[in-house]
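Here the structure comes first, spelled out in structure tokens, and everything after it is commentary.
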Amino acid sequence: MKRLLVIVVVSAIFAVGFCQDFTEEQKKRIIQNRQECVAETKVDPILIEKADLGEFPEDEKLKCFTKCFYQKAGFVNDKGEVQLDVVKAKIPTEADREQALKIVAKCQLKGKDPCETVYLIHKCYYTHTHPVATEEPAAKEKPNKTE
């Protein structure tokens, strides 16, 4: 199954490691936005790396970093509200558009402030697009008893 919008457009751009699918100009902009948001929020880069891997610590600076990054990408406004027109415009042609929009609709969450709102939305996107992170590991093989 092709990757959904949320991976390509939202979750993937959150992590610089996923930049191989973007043009050089897009990669530069992603890196620049990330660096600017780190400087603005003073977040510990280790926390960003953890979030990139699906571990979402409760950290105010990380929450505000997430809002900053999404806002610079145009996905949310200053209030943390998803800009659906921008999201729709950036859905790759190879993505399952209907499924991607269902996930965006499911993830319309509200936190106590704009930073927490965007952080909750990001966590929701991640959960819906990274099933390995949310599923129980496959049952371990039971050793054969050959006695």
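The values are calculated or read from the model by the stated rules, or taken from the named source; none is laboratory data. Note that the structure is predicted; figures quoted are calculated from it, not measured. Methodologically, a virtual Cβ is constructed for each residue, glycine included, from the backbone with ideal geometry; neighbour enumeration extends over all protein chains shown.
Pick from Val8, Val43, Val16, Val86: which is modelled with pLDDT of 95 or more, out of contact with any His (no Cβ under 9 Å at 6 or more places or on another chain) and not aromatic (Phe, Trp, Tyr)?
Working: Val8 fails: modelled with pLDDT of 95 or more; Val16 fails: modelled with pLDDT of 95 or more; Val86 fails: modelled with pLDDT of 95 or more.
After applying the criteria, what remains is Val43.
Scanning segment 50-64 for residues that are part of a helix (DSSP H, G or I) and modelled with pLDDT of 90 or more returns Lys50, Ala51, Glu60, Lys61, Leu62, Lys63, Cys64. Listed by first and then second residue, the pairs with beta-carbon distance under 8 Å, at least 6 apart or on different chains, first residue in segment 36-59 and in contact (Cβ under 8 Å) with a residue 12 or more places away in the chain and within 20 Å of Lys72 (Cβ to Cβ), second among the polar types (S, T, N, Q) and surrounded by 13 or more Cβ atoms within 10 Å (Cβ to Cβ), are Ala51/Thr66.
Reported count of residues in segment 65-123, each being loosely packed, with under 13 Cβ neighbours inside 10 Å, free of Cβ contacts under 8 Å to residues at least 12 places away in the same chain and not in a helix (DSSP H, G or I), is 3. Could you tell me whether Glu55 is exposed (fewer than 15 other Cβ atoms within 10 Å of the Cβ), among the acidic types (Asp, Glu) and farther than 20 Å from His130 by Cα? No; evaluated as a whole, the condition is false for this residue. For segment 124-146, a residue qualifies if it is modelled with pLDDT of 50 or more and part of a helix (DSSP H, G or I), and the qualifying residues are Cys124, Tyr125, Tyr126, Thr127, His128, Thr129, Pro131, Val132.
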